[in-house]
Amino acid sequence: MAKVRGGVIADAIGAGKTVISIAIILKGLQKARQSRKLPNKSGATLVVVPPALIDQWESEIDKFSESLKVIKIFDHNALKRCTVQQMIEADVVICPVDILEAKNYLDELISSAKLKREIKEIPKLPAYSGQMEVTEAKGRWIPAASQDPYAGGNNANNQKRRNVTAYYTFIYSKAIRELRKQDFKAKDKGIPLEFFEWERVIVDEIHESLCTTKIEVSEDKTFKEKNRRAGRELLGITEKDIRHRPLIFRRSIFGLTGTPLLDSSSRVMELASLMGNTYVIGLSSHWRKLERESSRDIFLHNYLEPKQSREVRKKIQSKCQEYLDVACCRNKTGEEMNGIEMIEHIRTVKMTTEEKELYLKSQSGIATEKRSLGIAPGDFDPSAGHDITKFLKQNASLPSRGRELVRICKEILSTEGNESTKIVVFTDGKIGAGDLAREFLFAEDAGGIGCTWLDTEDSVEEKNKKIAWYQRGDATEEDRARPRVLVLHFDHSAGLNLQTECHNLILFTPLYVGEGGATSNTVLDTSTELQAIGRVYRPGQTHNEVNVYRIEVQGPCGEECLDGQLIRRNTDDETVAMAVNAGE
């Protein structure tokens, strides 16, 4: 095993990953400050976080240390206000993992690298992670009189995607190399983060940028996919030479995650390479398969994979486990949760006859005689033209569900002592459930409950301000006049600390990510729900009871429908144990 220059802090939700990180910074503070040197040697630890966590990180740093100089980089505009000298003298610089999505950031990087004349067209960040190929060839592999032995898999659109992602990576890498050749002055402003050498790098919620299955990537069209693409580029995950990565450091790099999901050798190999450049095995093959895989690659992989010997597979697993044993820390919450009880409420409601008709009609592609209230996700076959997305959207949009959401909120807010409490509602953004929940909460019969939500047009700074409203007490009349309900997508759940002001949480629909058949990942869905619950059920919760509400819509006569199936699936004891790595 190579020397490990970092590792993974994979403590359970609420077990203190942020505090450990701050302690690491403080322990090495004197040496870090001694390392400062113009033009690019910063004494700062660069903390790379999901966009909504920037203010939260600053708040945690202020709570545990008064001596650290912190710079927050929300976007390119914030960067333009910072001089080289300020970046050098900072102790902590916090930036969003998707800063490459920030308007004008790449333009400024290319301009600072003196490449404006050479690069006429600035590439846009691809809206997808690598390619979205199917995982197997369909039809005949070598059809008669065909020039394509891969059954049409090598179509122009897929190849275009591969070319776009490859070109973006090429331009980004070239700009970084040229940027580091420049000689900037202490008073120069807006110099990209890639120019500096950091004392260390800490990546919060590192699992968001790790490799994943195509279903996990392609299902999310609103946030996660493009965010992952930006994160992978910024972290230089597919660059094996650590010296050529966008973010360089002197001492170490740490990844934080409460959801390790290190259940595959591919994830472990990628994590090991990123966290200190530890080589496990098979990196080139792994990244080509993930990022640049063509239909020819798929064909050859399926043909050759069975020939891989058992000894080779055993060796790969052994080395991956060795890395986890050496470089991953997994502590769990203990006495901190004593006295805090989580109470789960399943609120059942029956759909109307009209809703039943719409529910059955939305089972797109399923033969009429096979449509039923008890149909399961596994009954949908995407290869046969079944469209489960329409079904999921219709299930989320049932008026009976919306009425129950409003009813729960009213009950909570009418309870003595809870009149000004704050409520968190988690929704599945992939199927538009967040928009539906907002519509229900703003409807006339909702009694003016309303809600706050993170809009796609909000800047990173605006998102942080909205989150902060639900992390602190009401100090002004403006605070007290705000809606008591915060609506979030499941994708926003990672890392948020909402326990000081919120102790009531509602899951608008049970989570299912997949296309039907066997495409879903039950453990991942369960883990995501637990992440959401962990925003309020965590150490630091100020109430003795945390209430988690699940809405289950049943048939007109109480028949179990999709909600009941998924709630049973996502709360199964064995699945929950796997999702929290309880078997370690």
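The values are calculated or read from the model by the stated rules, or taken from the named source; none is laboratory data. These numbers come from a predicted model, not from an experiment. Because the Cβ atoms are built from the backbone with ideal geometry, glycine has one as well, and the counts that use them run over all protein chains shown. Accessible surface areas use protein heavy atoms only, side chains included; no ligands, DNA or RNA. Shrake-Rupley method; radii C 1.70, N 1.55, O 1.52, S 1.80 Å.
Could you list, in sequence order, the residues of the range 463-482 that are hydrophobic (A, V, I, L, M, F, W, C) and surrounded by 11 or more Cβ atoms within 10 Å (Cβ to Cβ)?
Within the range 463-482, Ile467, Ala468, Trp469 qualify.
Which residues, taken from the range 443-462, are under 24 Å from Asn395 (Cα atoms), of a type in the set (Val, Ile, Thr) and open to solvent by less than 40 Å² (accessible area, probe 1.4 Å)?
Ile449, Thr452
Quick check on Tyr167: is it modelled with pLDDT of 80 or more, among the aromatic types (Phe, Trp, Tyr), under 30 Å from Lys185 (Cα atoms) and out of contact with any Cys (no Cβ under 9 Å at 6 or more places or on another chain)?
Judged against the criteria, Tyr167 is not a match.
(1) in contact with a strand residue (DSSP E or B) (Cβ under 8 Å, 6 or more places away or on another chain); (2) buried (at least 17 other Cβ atoms within 10 Å of the Cβ): which one isn't true of Phe440, the others all being true?
(1)
Identify the single condition in (1) over 31 Å from the mean Cα position of the chain (by Cα); (2) open to solvent by 70 Å² or more (accessible area, probe 1.4 Å); (3) within 18 Å of Gly517 (Cβ to Cβ) that Ser372 does not satisfy, given that it satisfies every other one.
With respect to (1) over 31 Å from the mean Cα position of the chain (by Cα); (2) open to solvent by 70 Å² or more (accessible area, probe 1.4 Å); (3) within 18 Å of Gly517 (Cβ to Cβ), Ser372 is out only on (2).
Would it be correct to say that Gly402 is surrounded by 14 or more Cβ atoms within 10 Å (Cβ to Cβ) and not hydrophobic (A, V, I, L, M, F, W, C)?
Judged against the criteria, Gly402 is a match.
When you scan the range 52-112 for helices (runs of 4 or more DSSP H) that lie fully inside it, which ones turn up with 1 or more residues that are under 21 Å from Ser459 (Cβ atoms) and not acidic (Asp, Glu)?
Qualifying helices (runs of 4 or more DSSP H): 54-64, 76-80, 105-112.
Among the residues of the range 362-378, write down those that are free of Cβ contacts under 8 Å to residues at least 24 places away in the same chain and part of a helix (DSSP H, G or I).
Across the range 362-378, the qualifying residues are Thr368, Glu369, Lys370.
Does Lys17 satisfy the condition of being over 20 Å from the mean Cα position of the chain (by Cα) and open to solvent by 10 Å² or more (accessible area, probe 1.4 Å)?
no
Here is a list: Ile366, Ile343. Which entry is within 30 Å of Gly16 (Cβ to Cβ), open to solvent by 10 Å² or more (accessible area, probe 1.4 Å), out of contact with any Leu (no Cβ under 6 Å at 6 or more places or on another chain) and of a type in the set (A, V, I, L, M, F, W, C)?
Exactly one of Ile366, Ile343 is within 30 Å of Gly16 (Cβ to Cβ), open to solvent by 10 Å² or more (accessible area, probe 1.4 Å), out of contact with any Leu (no Cβ under 6 Å at 6 or more places or on another chain) and of a type in the set (A, V, I, L, M, F, W, C), namely Ile343.
Hey, among the residues in the range 11-31 that are among the hydrophobic types (A, V, I, L, M, F, W, C) and at pLDDT below 75, which one's nearest to Ser273 (Cα to Cα)?
By that ranking, first place goes to Ala12.
Determine the pairs where a residue that is in contact (Cβ under 8 Å) with a residue 24 or more places away in the chain and under 17 Å from Leu566 (Cβ atoms), located within the range 379-390, has a partner that is open to solvent by less than 60 Å² (accessible area, probe 1.4 Å) and among the polar types (S, T, N, Q) with Cβ atoms under 6 Å apart, the partner being 6 or more residues away or on another chain.
Lys390/Ser362; Lys390/Ser364
Run down Arg177, Arg161 and say which single residue is touching a Phe, Trp or Tyr at 6+ places or on another chain (Cβ under 9 Å), among the basic types (Lys, Arg) and open to solvent by 50 Å² or more (accessible area, probe 1.4 Å).
Step by step, each of Arg177, Arg161 is checked, and only Arg161 is touching a Phe, Trp or Tyr at 6+ places or on another chain (Cβ under 9 Å), among the basic types (Lys, Arg) and open to solvent by 50 Å² or more (accessible area, probe 1.4 Å).
Out of all the residues in the range 431-448, which are farther than 30 Å from Asp387 by Cβ and free of Cβ contacts under 8 Å to residues at least 12 places away in the same chain?
Of everything in the range 431-448, those that are farther than 30 Å from Asp387 by Cβ and free of Cβ contacts under 8 Å to residues at least 12 places away in the same chain turn out to be Glu444, Gly448.
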